[in-house]
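Each remark here refers to the structure printed beneath this line.
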Amino acid sequence: MTSPLSAAPSLLARALVLTVILAACGTPPSTDANPATAPDAGLLDWSEQIEVREDWLTKRHDMLLPMMRRHGIDMWIVVNEEFHDDPLTEYVAPARPYTGRRDIFVFVDAGDQGLRSVAATGYWEETVARFFESPVDPLPSGEVLKDLYDTHRPQAIGLGTGGSRGMTRSLTHDSYQFLAEAMGTDAERRFTSAAPLIEEYLATRIPEEFEHYERLVALTEAITRRALSDEVIEPGLTTVGDVRRFMYDAMWENGVTTWFQPDLRVQRRGMEEVGSRGFLAVAEEATVIQPGDLVHIDFGISYMGLDSDWQKMAYVLLPGETDAPDGLKVAMANTNALQDALMLRASRPGRTAGEAYQRTMAEMEQQGIVAQVYSHPLGNHGHGVGPSIDFRSADSEDAAARVLVEGSYISIELNTKTPVPEWDGKEVYVMQEDPAHLTADGWRFFRPRQEAFYLIPS
């Protein structure tokens, strides 16, 4: 029986596939919808990815002690259950499978001795021993935990409880009970949420990730441009489900996966708008893409423990058309204006997320543009932790307290709604989403933004 790993494309095969993708799709110039030449975005083989990520882990562990002290955490415990991995495990320990029933990773502020990193695992693993105290013949994890507590007497023991996100509240009930019983009642009284520490740890980007994230975004763009082209879409025949299945297969060709299913939205003249949670609803898979349609894709890729998030739009030409109607071009320009307001003028390191949102919307009001902003952090997770510039939380205490940090990654996710004369005044959404990083002068895209619709001939 051939395993999925051995059946996956080799590095050379994936590189050839990606070269073909990029040659066919290229990079959209800022004022042109036609392809140009794109940079090489070849991805690493899986064994190479592991090696690079372990180098990153060394740097992350070096940052951890100051973070723990900033958040008043003397001991941080991450528990990984077999077949129920903690979302933190691959970022605090080597990104490898863990099958020891219950594997525990402990970080202790040992005062003048610095950071102690201890692994209480079901099985010894050489790679884990490079980063943690981990004997070849492991002691029972309960004994290890009790000894660490008795030795260091930490005042605050941080656990994966509390917070508003899955990665901050991932500790299971049974794992909590195990920790409490193993460490004792006195230790349990010192258990506290590690959510602020977890958020800072995951939200902190290291320079070494940047080039790999660029490659990830380039591949996301390349697959999207293929999906929104006549390679995949034959108007009148191709369905939304056909496009979605193509994108799954394209990820398989390149040895990557995704953190959410690709979604498509379709707008057309005379079509009734269907809403979902305040947004334009996702199209059903049976929807046939027709000439004159405006097609939107929401898509992201997972690679090297990093996630991308990407939204782009294409127009299906009517017979005799060579470009999108002027009204749709105005709609695209409005969304570009919203991007400029948020990225270039409203956002700076040191400003709060709420302030960036309010500045953006004030500018949109001055320009008479109907806009929504729902941008969120990116990095280790597609819906990452950190400041979100989002209408749903803009007036909250959290947004008022969350400061934008230089070097962080974000999904610039937003839309505008514009009446289009050629569609009898129907209001059209132009939705865009692009990964960006924060510089001293505002957010900067990893790839050039879309300023013209991709065009699909009939």
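The values are calculated or read from the model by the stated rules, or taken from the named source; none is laboratory data. If you're wondering where the values come from, they're calculated on a predicted model, not measured in any experiment. We place every Cβ from the backbone using ideal geometry, glycine too, and count neighbours over all the protein chains shown.
With the checklist (1) in a loop (DSSP other than H, G, I, E, B); (2) under 25 Å from Pro435 (Cβ atoms) in hand, flag the one item Glu199 doesn't pass. Glu199 satisfies every listed condition except (1).
Residue-level analysis places Thr257 among those that are over 16 Å from Thr418 (Cα atoms), under 21 Å from the mean Cα position of the chain (by Cα), in the same structural domain as Pro319 (by TED's automatic domain parsing) and of a type in the set (Ser, Thr, Tyr).
Here Asp85 passes the criteria (1) in contact with a helix residue (DSSP H, G or I) (Cβ under 7 Å, 6 or more places away or on another chain); (2) surrounded by fewer than 21 Cβ atoms within 10 Å (Cβ to Cβ) except the one numbered (1). The residues of the range 143-160 that are among the aliphatic types (A, V, I, L, M) and touching a helix residue (DSSP H, G or I) at 6+ places or on another chain (Cβ under 6 Å) amount to a single one, Leu145. Among the residues making up the range 49-58, those that are surrounded by 13 or more Cβ atoms within 10 Å (Cβ to Cβ) and in contact (Cβ under 8 Å) with a residue 60 or more places away in the chain are Gln49, Val52, Arg53, Glu54, Trp56, Leu57. Within the range 129-159, being closer than 26 Å to Pro196 by Cβ and either assigned to a loop (DSSP other than H, G, I, E, B) or modelled with pLDDT under 95 (or both) holds for Phe132, Arg153, Pro154, Gln155, Ala156.
Tell me, which helices (runs of 4 or more DSSP H) lie completely within the range 321-413 with 2 or more residues that are in contact with a Ser or Thr (Cβ under 8 Å, 6 or more places away or on another chain), touching a residue at least 40 places away in the same chain (Cβ under 8 Å) and among the β-branched types (Val, Ile, Thr)? Correct list: 326-340.
For first residues located in the range 67-83 and farther than 19 Å from Ser141 by Cβ, partners that are of a type in the set (Ser, Thr, Tyr) and lie 6+ apart or on another chain with Cβ distances below 7 Å form the pairs Met67/Tyr201. Does the range 85-103 include one or more residues that are farther than 20 Å from Ser302 by Cβ and modelled with pLDDT of 95 or more? The answer is yes; a qualifying residue exists. In the range 416-425, is there at least one residue being touching a Phe, Trp or Tyr at 6+ places or on another chain (Cβ under 7 Å), surrounded by fewer than 23 Cβ atoms within 10 Å (Cβ to Cβ) and not hydrophobic (A, V, I, L, M, F, W, C)? Yes - at least one qualifying residue is present in the range 416-425. Within the range 214-243, residues that are free of Cβ contacts under 8 Å to residues at least 24 places away in the same chain have Cβ atoms under 7 Å from residues that are assigned to a helix (DSSP H, G or I) in these pairs: Val232/Arg226; Val232/Val243; Val232/Phe246, counting only partners at least 6 apart in sequence or on another chain.
One line per residue, one yes/no per condition, for (1) more than 23 Å from Pro448 (Cβ to Cβ); (2) in contact with a helix residue (DSSP H, G or I) (Cβ under 9 Å, 6 or more places away or on another chain); (3) acidic (Asp, Glu):
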site	(1), (2), (3)
Arg245	yes, no, no
Tyr248	yes, no, no
Gly255	yes, yes, no
Leu264	no, yes, no
Gly300	no, yes, no
Asp309	no, yes, yes
Pro319	yes, no, no
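Here the condition is being touching a residue at least 12 places away in the same chain (Cβ under 8 Å) and part of a loop (DSSP other than H, G, I, E, B); of Trp259, Trp252, it holds for Trp259 alone.
So that you can scan it fast, the table gives a plain yes or no per residue for (1) outside the structural domain of Lys426 (by TED's automatic domain parsing); (2) in contact with a strand residue (DSSP E or B) (Cβ under 6 Å, 6 or more places away or on another chain); (3) buried (at least 22 other Cβ atoms within 10 Å of the Cβ):
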position: Thr322; (1), (2), (3): no, no, no
position: Pro325; (1), (2), (3): no, no, no
position: Gln367; (1), (2), (3): no, no, no
position: Leu378; (1), (2), (3): no, yes, yes
position: Ser408; (1), (2), (3): no, yes, no
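Cβ-Cβ distances below 7 Å connect the following pairs, each with a first residue in the range 181-210 that is surrounded by 13 or more Cβ atoms within 10 Å (Cβ to Cβ), a second residue that is assigned to a helix (DSSP H, G or I) and of a type in the set (Gly, Ala, Ser), and a separation of six or more residues or different chains: Ala182/Gly142; Glu188/Ala180.
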